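Bear in mind that the values in this text are calculations on the coordinates, not laboratory data. Remember, predicted model here, so these are calculated numbers, not experimental data. Don't worry about glycine lacking a Cβ; one is built from the backbone with ideal geometry, like all the others, and counts go over all protein chains shown.
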Amino acid sequence: MAKFFLLQVLLLLAAEIGKRLIGGGPCTNTERLLTHSGKNICGGTLIDKNWVLTAAHCYNVSVIGYVEVN
């Protein structure tokens, strides 16, 4: 019974999280994910073959040093 209750709570939480995305859609081929040590740190937009535009808080050379663009 406890497992059933836990499952119900988890399903309700998942439903609530899904409601937070409004007007979402598939990513375009210009959207990129920035990662560091295998962890997602930010997103960006490919504006040229070798340039990704992202927010300033996404990249800090003194802390990160190396970012992979996927």
(request) Apply 1/(1 + (r/R0)^6) to the Cβ-Cβ distance of residue 39 and residue 69, taking R0 = 25 Å, and write down the FRET efficiency to the nearest 0.05. (result) 0.95
(request) Please report 41, 47 as a ranked list, fewest other C-beta atoms within 10 angstrom at the top and most at the bottom. (result) 47, 41
